[in-house]
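For reference, the structure discussed in these notes is given below.
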Amino acid sequence: LYLSNNKLRSDLAEDIFDIPNLREIELQQNAIFAKLPTKLPEALEKIDMTSNRLVGEIPSSIWTLPNLRFLSLGGNKDLTGSIRAEVDQTNLQVINLNDVDLSGSSLPESLAMLDLVIFEVASCGLSGTLPDIFERSDDLQIVNLSKNSIEGSIPVSLDRLHTNLSVINLEDNLFSG
């Protein structure tokens, strides 16, 4: 379903997620003011709802969708939640949660089980230390963890990822070492 860059509003999202064999949802750059439903179709491979007006909490079921490879909910400042430890049950390669309120949460070590290509969680209110989650990410191209409160040392695995890595932004954190 491709309806990006329109003027869609209201609870449209609820109805769209009821389609059982839906594989891709691209609704970015609209004005959708809605909560994401708690039950999502297991066939979903891509969810792009960047830059809408989503509210409420990221449903925990999103982190267990077995076919999900692309998740972009960035730019929805009233969306809250955390990246759940069950994220390793997905096939996620792209995660964009920039500007989503993940206040007080930290990144789970289970992210290390993913083959990430793009990982963006800037301005999310993340805290804690950065676990060594990039060990398997040979194809990693973009890492953006800027403008959080992540502390401690930078994982050694980031130093080994120079082949495809084109952007690494760790500014405005509390890193040391």
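The values are calculated or read from the model by the stated rules, or taken from the named source; none is laboratory data. Keep in mind the model is a prediction, meaning the values are calculated, not measured. Cβ placement follows ideal geometry from the backbone for every residue including glycine, while neighbour counts extend to all protein chains displayed.
Q93 meets the conditions (1) more than 21 Å from S146 (Cα to Cα); (2) at pLDDT 95 or above in every case but one. The failed one is (1). For segment 17-61, residues that are more than 19 Å from D78 (Cα to Cα), surrounded by fewer than 18 Cβ atoms within 10 Å (Cβ to Cβ) and β-branched (V, I, T) total 1.
Would you say N169 is surrounded by 19 or more Cβ atoms within 10 Å (Cβ to Cβ), of a type outside the set (D, E), farther than 14 Å from G104 by Cα and touching a residue at least 40 places away in the same chain (Cβ under 8 Å)? In short, no. You will find that of D159, D99, the residue that is in a helix (DSSP H, G or I) and either surrounded by fewer than 18 Cβ atoms within 10 Å (Cβ to Cβ) or at pLDDT 95 or above (or both) is D159 and no other.
With respect to E109, determine if the residue is without any contact (Cβ under 8 Å) to a residue 40 or more places away in the chain, in contact with a Ser or Thr (Cβ under 6 Å, 6 or more places away or on another chain) and surrounded by fewer than 20 Cβ atoms within 10 Å (Cβ to Cβ).
The answer is no for E109.
Picking from residues in segment 30-85 that are of a type in the set (G, A, S) and in a loop (DSSP other than H, G, I, E, B), the one that is farthest from K7 (Cα to Cα) is S82. Scanning segment 116-139 for residues that are in a loop (DSSP other than H, G, I, E, B), modelled with pLDDT of 90 or more and either in contact with a strand residue (DSSP E or B) (Cβ under 8 Å, 6 or more places away or on another chain) or among the hydrophobic types (A, V, I, L, M, F, W, C) (or both) turns up L116, V117, V121, A122, C124, G125, L126, L130.
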